[in-house]
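Novice: This is the structure, below, for whatever I ask next.
Values quoted throughout were computed directly from the atomic coordinates according to the rules given, and no laboratory measurement underlies them. All values reported here derive from a predicted model rather than from experimental measurement. Backbone-built Cβ (ideal geometry, glycine too); neighbour counts: all protein chains shown.
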Amino acid sequence: ELLDAFRNLTHDDGSSTVFCIFVDGLDEYEGEHEELVQVIKDFATNPNIKICIASRPWNVFEAAFGDDPIHKLYLQDLNKPDISVYVKNKLEDRPDFQKLRWQSPEADELIEEIVERAQGVFLWVFLVVRSLIHGLQNADRIIDLRRRLRAFPSDLNEFFSHILLSLDPIYRSQTARGFQAALYARGLLSVLNYWYLDL
């Protein structure tokens, strides 16, 4: 029904109404991506419809929409300097990182690799840096820190799956109950709620 409504908009040549449509997360669409591309291209044929789309740079979307550098932005290019500053602020001033840098000059390459692999996703950077800080506190070697970094999938869905699957199987059903309670709760649950649920 929604698609039919949009198609009616694209074929209504007599209307003076102008639409601006923003679509985020094309890569999260679970159907056929080629069909989604065609729907968007159909919208673009109508001069009264302006459309702004966002996606991770998957080949299917790059092939369809990536040939126009004037009308294309890469988020990771825009916030790369901010991510670099964040990572440096969190790691470089730490005495354990400075010690590691003195022992292993390639420690700076670790920072560069984090910034490159982040693809503009601050949540991913936050979680990776937190893991590396735990590693530094445990006196991890540079090779161990690299392993920590490379164990994190760049894709957030894969990353969250990685987190859940890394739980000890004994705690998985308990964790699932906590997530279900949070999903179905009418408001925020307190720590005490989760404690009772645990019992």
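Novice: Once the dipole of the range 130-198 is set up with Lys and Arg at +1 and Asp and Glu at -1 on Cβ about the Cα centre, which of N193, I143, I170 lies farthest towards its positive end?
Specialist: The residue sitting farthest along the positive end of the dipole is I143.
Novice: Using modelled amide H (1.01 Å from N, peptide plane; none on Pro or chain starts), what sits under 5 Å from the amide H of F19, excluding residues fewer than 5 places away?
Specialist: I49, K50
Novice: If you don't mind, there's one more thing I want to ask. Multiply the residue gap between I143 and I170 by 0.36 nm, knock off their C-alpha separation, and tell me the result in nm, one decimal place.
Specialist: 6.7 nm
Novice: Would you grab the residues whose amide H sits under 5 Å from the one on I53? Only those 5+ places off in sequence or on another chain, please, with H modelled 1.01 Å from N.
Specialist: Answer set, sorted by chain and number: V23.
Novice: Restrict the search to the range 46-149; then list the trypsin sites (Lys or Arg not before Pro) that DSSP places in a loop and that have at most 15 other Cβ atoms within 10 Å of their Cβ.
Specialist: Passing sites in the range 46-149 are K72, R141.
Novice: I want to check a number: in the chain, how many lysine pairs have alpha carbons closer than 20 Å, given a sequence separation of 8 or more or different chains?
Specialist: Lysine pairs meeting the criterion: 8.
Novice: Let me ask something additional. Give me the number: length gained by fully extending V191 to Q98, i.e. 0.36 nm times residue separation minus the C-alpha to C-alpha distance, one decimal in nm.
Specialist: The span from V191 to Q98 would gain 29.7 nm if fully extended.
Novice: Now, a different point. Run lengths n ≥ 4 of DSSP H only: what is the helix-derived mean residue ellipticity at 222 nm for the chain, with -39500 (n - 2.57) per run over all residues, to the nearest 500?
Specialist: -19500 deg cm²/dmol
Novice: Turning to a different aspect of this structure: Against the longest alpha carbon principal axis of the chain, how many degrees, from 0 to 90 and to the nearest 10, is the axis of helix 107-117 turned?
Specialist: Orientation of helix 107-117: about 20 degrees from the principal axis.
Novice: What FRET efficiency would be calculated for the residue pair E158, T45, taking the C-beta separation as r and a Förster radius of 30 Å, to the nearest 0.05?
Specialist: 0.25
Novice: Using θ = phi - 60° and the Karplus curve 6.51 cos²θ - 1.76 cosθ + 1.60, what whole-Hz ³J(HN,Hα) does each residue of the range 145-151 get, with Gly and Pro shown as x?
Specialist: Karplus values, whole Hz, x for Gly and Pro: 5, 4, 4, 4, 4, 6, 6.
Novice: In vacuo Debye scattering of the chain, one point per C-alpha: log10 I(q)/I(0) at q = 0.09, 0.10, 0.13 Å⁻¹?
Specialist: For the chain, the Cα-only Debye profile gives -0.57, -0.68, -0.96.
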